[in-house]
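This report concerns only the one structure given below.
The values are calculated or read from the model by the stated rules, or taken from the named source; none is laboratory data. All values derive from a computational prediction rather than experimental measurement. Quick reminder, even Gly has a Cβ in these numbers, built from the backbone with ideal geometry, and neighbours come from all protein chains shown.
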Amino acid sequence: MSQRFNLRPSPEYDVPAGRTALIVTDMQRASFNATLGLAALHAATHGESFASYQRYVRETLIPNNAALLARFRALGWRVIYLTCGSHLPDGGDLGAPRRRMDMEHQKRTGKKTLFSIGEHAHGVTDELAPHPGEPIFNKLGSDGFIGTPLDQMLRWMGIDTLVVTGVGTPYCVESTVRHASDLAYAVIVPSDACGTSDMTLHDHSLIVMGSRYAMVRTTAEILDRMPAAAAVADPATGRA
């Protein structure tokens, strides 16, 4: 096996007040509820793996997202949500190859893995529910910048630094992070506020992003770089 090395310096960024936004990616009910979507498929086909991932979700992933949301809200910094799904009930607006693949997979497994806006499974998980005034941009694929006004809104708000959390780390999170980096945003990824059903891929994705596209740190380390709020909100409610 070859030795790991990085020919370029890994990114190192500040977390500037007024110029940093939190991007919460695809933290939807279908990602975590054992009766819905990919989570149901994971539970049915890889029970031990699902149980391990659920422990990570409940003990680490959701609490760390809640802690970041609480700090950003207490400071009055911008919070933006991304979701993934169809705008149309029949998925007709999704790319044809993806739609065919998912429909064939659904026929084989009996598990619905694509949901449209308005369906319960498509919504953000209750523990991290958006507050009024926090935009939710729905994407039809992995990349949060394609087909959404995310870049335009960030630039109009004067945002140049992004803290990107969510699932799945090597899919929608990494796709969004790579595009953000190419758009010249300073990108920060909280390693323990992201996840995916196969955490081996999560670990590999963090290595890739951290070597070139983003500063990868723990949630605690990122919070330490942010100003302390006078009255930091309760992570459970988002209110001080």
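Data table
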read-out	value
Residues located in the range 129-149, provided they are in contact (Cβ under 8 Å) with a residue 12 or more places away in the chain, in a loop (DSSP other than H, G, I, E, B) and not small (Gly, Ala, Ser)	130, 131, 134, 135, 140, 143, 145, 146, 148, 149
Test result for residue 123, over 30 Å from residue 17 (Cβ atoms) and in contact (Cβ under 8 Å) with a residue 60 or more places away in the chain	yes
Boolean, residue 114 is closer than 17 Å to residue 172 by Cα, in contact (Cβ under 8 Å) with a residue 24 or more places away in the chain and not in a helix (DSSP H, G or I)	yes
For residue 60: the one exception among (1) in contact (Cβ under 8 Å) with a residue 12 or more places away in the chain; (2) outside any helix (DSSP H, G or I); (3) farther than 27 Å from residue 140 by Cα	(2)
Of all residues in the range 128-152 being buried (at least 17 other Cβ atoms within 10 Å of the Cβ) and touching a helix residue (DSSP H, G or I) at 6+ places or on another chain (Cβ under 7 Å), the one that is farthest from residue 182 (Cα to Cα)	128
Selection within the range 184-199 - crowded, with 23+ Cβ neighbours inside 10 Å and part of a strand (DSSP E or B)	187, 188, 189, 190, 194, 195
Lone qualifier among 83, 45, 60, 109 - being surrounded by 18 or more Cβ atoms within 10 Å (Cβ to Cβ) and of a type in the set (S, T, N, Q)	83
Top-ranked residue in the range 153-172 [being without any contact (Cβ under 8 Å) to a residue 60 or more places away in the chain and over 23 Å from residue 42 (Cα atoms); ranked as surrounded by the most Cβ atoms within 10 Å (Cβ to Cβ)]	155
Candidate set from the range 19-42 (those that are charged (D, E, K, R) and over 23 Å from residue 146 (Cβ atoms)); member that is surrounded by the fewest Cβ atoms within 10 Å (Cβ to Cβ)	19
Single match in 181, 175 (criterion: under 13 Å from residue 210 (Cβ atoms), surrounded by fewer than 21 Cβ atoms within 10 Å (Cβ to Cβ) and at pLDDT 95 or above)	181
Residues of the range 1-37 that turn out to be outside any loop (DSSP other than H, G, I, E, B) and not aliphatic (A, V, I, L, M), as a count	7
Flag if residue 73 is surrounded by 17 or more Cβ atoms within 10 Å (Cβ to Cβ), out of contact with any Ser or Thr (no Cβ under 7 Å at 6 or more places or on another chain), of a type in the set (Lys, Arg) and assigned to a helix (DSSP H, G or I)	yes
